[in-house]
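Before any comments, here is the structure.
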Amino acid sequence: MIPIKLTVLGCWAPYPRVSGACSGYLLQEEGRNLLIEAGNGILARLLQHIDLEELDAVILSHLHPDHIMDIYSLRHAIEAANREGRMKRRIPLYLPTGPAEDFDRIKGFNKAFVVQIIENLPEPRAVEVAGFKTVFVPGKHNLPVFSMSIEGKKKLVYSGDTAYNPELIHLARGADLFLCEASGQDKDADYLKENHLTARQAGQLAQRAGVKTLMITHFYPEYSLSELQQQAEAGFGQAVEVAREGATIQL
């Protein structure tokens, strides 16, 4: 059986470390290639793993810059590939609608993308994306954001950027891999409480959902990853994976 494979293209927020990249993940199974997030610097890394023509779909959980900046470069690459005959199709792009300025700009990239608005999907917002059964659930953030369950032979759940959300526990129930933001340390809990999770809270969510593997991501670049890992493990009660650029995990 060919496993589902997740490759970390970028993991930093709201800006990258030296030579790093912000949020971006490539999910692959049986020749299908799904890009989740398109943060600063991920396109060059994506092209180390697949040819542009092999990309099947893109999901943006929300429209903050550290999750979308390379959608502009990707747009030009797809348009050029179609113009030059290397591609003969547009790429489905799933995204929410706010902020309006960013949404309206990206919505206009209709030579590269077939835009699918997540809020407009019929409840319970379950749809097939690049051959994966995908379910979107609203997160808790300072603009529209969606957590998502993506299922092929195995189940991946991605938190997106969100504060603590009981609905995410239900979404992540029994996931083979829970890819969860861990934006801060314990000391940041008050500051982050409306928009983000601490590493410990990510672990607690994973523990309550009974996930098989927790991988934390979306790191403030000035923090020690080992400290974030320790706090996540304290919340989870077992070992936690840390997203590292170029790392691949098989489900």
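Tabulated values for the structure
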{"read-out": "Estimated vicinal HN-Hα couplings, Hz - the range 242-251 in sequence order (Karplus 6.51, -1.76, 1.60; Gly, Pro = x)", "value": "10, 5, 9, 4, x, 6, 10, 10, 9, 8"}
{"read-out": "Summed residue charge, Cβ within 12 Å of T213's Cβ, Lys/Arg positive, Asp/Glu negative", "value": "+1"}
{"read-out": "Gyration tensor verdict on the range 151-222 (Cα atoms; rounded if a/c is under 1.5, prolate if a/b is larger than b/c, oblate otherwise)", "value": "prolate"}
{"read-out": "Estimated distance in nm for a label pair at V114 and A247, the labels positioned 7 Å out from Cα along Cα-to-Cβ", "value": "3.5"}
{"read-out": "Built amide H within the under 5 Å cut-off of K140, gap 5+", "value": "A163"}
{"read-out": "Expected 222 nm ellipticity per residue - DSSP helices of 4 or more, -39500 (n - 2.57), all of the chain, to 500", "value": "-7000 deg cm²/dmol"}
{"read-out": "The range 86-95 - phi-based ³J(HN,Hα) in whole Hz, Karplus 6.51/-1.76/1.60, Gly and Pro as x", "value": "7, 10, 9, 6, 9, 9, x, 10, 9, 7"}
{"read-out": "Summed residue charge, Cβ within 13 Å of N142's Cβ, Lys/Arg positive, Asp/Glu negative", "value": "0"}
{"read-out": "R0 of 35 Å, Cβ-Cβ distance R208-R125: FRET efficiency to nearest 0.05", "value": "0.95"}
{"read-out": "Accessible area of the range 1-63 belonging to carbon and sulfur atoms, whole % at 1.4 Å probe", "value": "52"}
{"read-out": "Antiparallel DSSP beta bridges within the chain, percent to nearest 5", "value": "55"}
{"read-out": "At R0 = 30 Å, FRET efficiency that the Cβ-Cβ distance of E151 and K88 yields, to 0.05", "value": "0.55"}
{"read-out": "Sequence-distant residues sharing a close amide H with F219 (under 5 Å, placed H)", "value": "W12, A13"}
{"read-out": "Ranked by how many other beta carbons lie within 10 Å on average, peptides 48-60, 183-195 from highest", "value": "48-60, 183-195"}
{"read-out": "Summed side-chain charge close to A81 - residues other than A81 whose Cβ falls under 12 Å, Lys, Arg +1, Asp, Glu -1", "value": "+2"}
{"read-out": "Solvent-accessible area per residue for the range 37-160 (1.4 angstrom probe, square angstrom)", "value": "43"}
{"read-out": "Gain on full stretching of the segment that runs from Y220 to A80 - 0.36 nm per residue minus C-alpha separation", "value": "47.0 nm"}
{"read-out": "Simple label model, 7 Å out from Cα along Cβ direction - L143 to K193, nm", "value": "2.5"}
{"read-out": "Distance between the range 131-160 and the range 1-58 - C-alpha centres, whole angstrom", "value": "16"}
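The values are calculated or read from the model by the stated rules, or taken from the named source; none is laboratory data. From a predicted model like this one, the values you see are computed outputs, not experimental measurements. Methodologically, a virtual Cβ is constructed for each residue, glycine included, from the backbone with ideal geometry; neighbour enumeration extends over all protein chains shown. In case anyone asks, the SASA skips ligands and DNA or RNA and just uses the protein heavy atoms, side chains included. Shrake-Rupley method; radii C 1.70, N 1.55, O 1.52, S 1.80 Å.
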